[in-house]
Structures are given as structure tokens and as C-alpha cells.
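Notes follow once the structure below has been shown.
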Amino acid sequence: MGAEKPDRSAQPDAELVQLVLGGENDAFDELVRRTRRPAYRLARRITRNHEDADDVLQESYIKAYRALARFQSQRAFGPWFLTIVARTALSQIRSGARRAAVALDAPGEGGIPLAERIADPSQDPSERQRLIDVEQAFDRLSEEHRAILALRVEGDLPYADIAAALDVPIGTVMSRLARAREALLKEVEELRAARFRR
């Protein structure tokens with residue numbers, strides 16, 4: 001039986017990176033554990049497909065592992081890694097190597113549409129509908145708007161990291177975010193108006 005892995009949950013990111021660089025590859029498992037969920041959410045938001053998001057995540061961890069020597073120890077690993085995820089997801093979209101997006105009302109796990117799976121049954125119906133409207137509106141946005149909103153909202157990245165991920169100036173990030181928010185609000189309003197016309 002192999003030796004038990006040490007508990008690294010309290011170690012700072014920079015220490016974990018140094019351990020990996022020193023040959024203790026199991027320390028990378030802790031970095032993966034810390035970032036898996038937010039990274040998947042970001043990849044899923046950008047690619048709009050579960051399988052593509054999984055592919056992006058796998059490729060991003062490989063890229064991050066190979067680039068660890070360039071990691072700046074004064075930064076947190078999470079935002080640094082999320083910029084890699086964003087670039088990988090955007091690259092996949094631009095290359096055309098992706099699967100079709102899954103609509104919110106398409107049957108998913110157990111034949112239940114995604115719109116019903118995302119809603120908490122304890123929520124009131126109007127809040128549930130609001131969430132569904134936002135999800136549907138988000139899917140109707142342009143690729144550029146989806147990506148920048150995902151980086152800011154899902155990734156919770158500061159403007160500087162978004163600018164680095166998209167390779168644009170910070171001013172461009174701010175103006176694109178403003179336009180993306182306006183587009184999202186417009187889409188939500190159109191969805192609501194269409195529902196009331198029925």
C-alpha cells in the first residue's frame with residue numbers, strides 16, 4: 001500500500017507551486033481541487049457545452065502545469081489559472097472545434113430540462129423564471145459578450161486579468177463589459193416581452 005498523501009489544504013498557492021516545481025507532483029492535486037469548480041463553470045459559460053468544457057479544463061490543467069515555472073508567486077493561483085481556462089475556451093471556439101450548444105429546454109440528465117435542473121424548488125416561481133430568463137438571454141448573446149461576462153461574473157476576475165486573458169487594454173475590457181451588460185438586459189427584456197405577448 002502506498003504512502004498516504006499529506007493534507008495540503010492549508011498551504012498557500014505559492015508553496016504548492018514550489019512543491020510541484022520541486023518534484024512533488026501530488027501538490028498539483030490540491031491546486032486542481034481548489035480551482036476545478038470555478039474553472040468548469042467558466043469553461044461551460046464560454047463554450048456552452050459540458051463536453052467542450054471538460055476538454056477545455058483538461059487542456060488548461062496541462063497548460064498550467066507546463067507553465068508553472070512562469071507563475072508569479074505573489075499572485076493567487078486561481079485567477080492565473082482562470083485566464084488560462086478563458087484563453088483555451090476562446091481558442092477552442094475560434095477554431096470551430098466544438099460541439100453544439102445545449103438549449104436550456106433540451107432534456108438532460110434523467111430527461112429533465114436544464115431550466116428545471118438549475119432552479120431551486122424552494123424558490124418562488126418569479127425568481128425561478130428570472131434565472132431561466134437570464135440563462136436564455138445569456139445564450140443569445142454574441143460570443144464576445146458571453147466570454148467577457150463569464151470572465152467577470154463566473155471567473156470573478158479583475159479587469160487586469162480579463163485584459164490579459166483577452167489580450168486587450170483594460171479600457172477595452174470596461175467598454176466591452178458595459179456593452180455586454182446592456183445586451184444581456186435587452187435580451188432579458190425581449191424574452192419577457194415575448195412571454196407576455198403569448
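Here are a few things to note about the model shown:
- Residue that is nearest to the chain's Cα centre (by Cα) [pool: residues in segment 9-27 that are crowded, with 18+ Cβ neighbours inside 10 Å and in contact (Cβ under 8 Å) with a residue 12 or more places away in the chain]: ASP13
- Scan of segment 15-29 for residues that are of a type in the set (Gly, Ala, Ser) and assigned to a helix (DSSP H, G or I), ordered by number: ALA27
- Segment 30-89, subset in contact with a Lys or Arg (Cβ under 9 Å, 6 or more places away or on another chain) and not in a helix (DSSP H, G or I), residue nearest to ASP161 (Cα to Cα): ARG48
- Selection status of LEU90, assigned by TED's automatic domain parsing to the domain that holds GLU189 and modelled with pLDDT of 70 or more: no
- Selection within segment 50-79: residues that are in contact (Cβ under 8 Å) with a residue 60 or more places away in the chain and hydrophobic (A, V, I, L, M, F, W, C). The member of this set that is surrounded by the fewest Cβ atoms within 10 Å (Cβ to Cβ) is ALA76.
- Test: residue in segment 40-49 that is in contact with a helix residue (DSSP H, G or I) (Cβ under 8 Å, 6 or more places away or on another chain), outside the structural domain of GLY155 (by TED's automatic domain parsing) and more than 30 Å from GLU144 (Cα to Cα): no
- For segment 146-198, filtering for residues that are over 17 Å from ALA76 (Cα atoms), under 12 Å from the mean Cα position of the chain (by Cα) and surrounded by fewer than 19 Cβ atoms within 10 Å (Cβ to Cβ) leaves 1.
The values are calculated or read from the model by the stated rules, or taken from the named source; none is laboratory data. Computed from a prediction, not measured in an experiment: that's the story for all the values here. Positions of Cβ are backbone-derived with ideal geometry, glycine not excepted, and every protein chain shown enters the neighbour counts.
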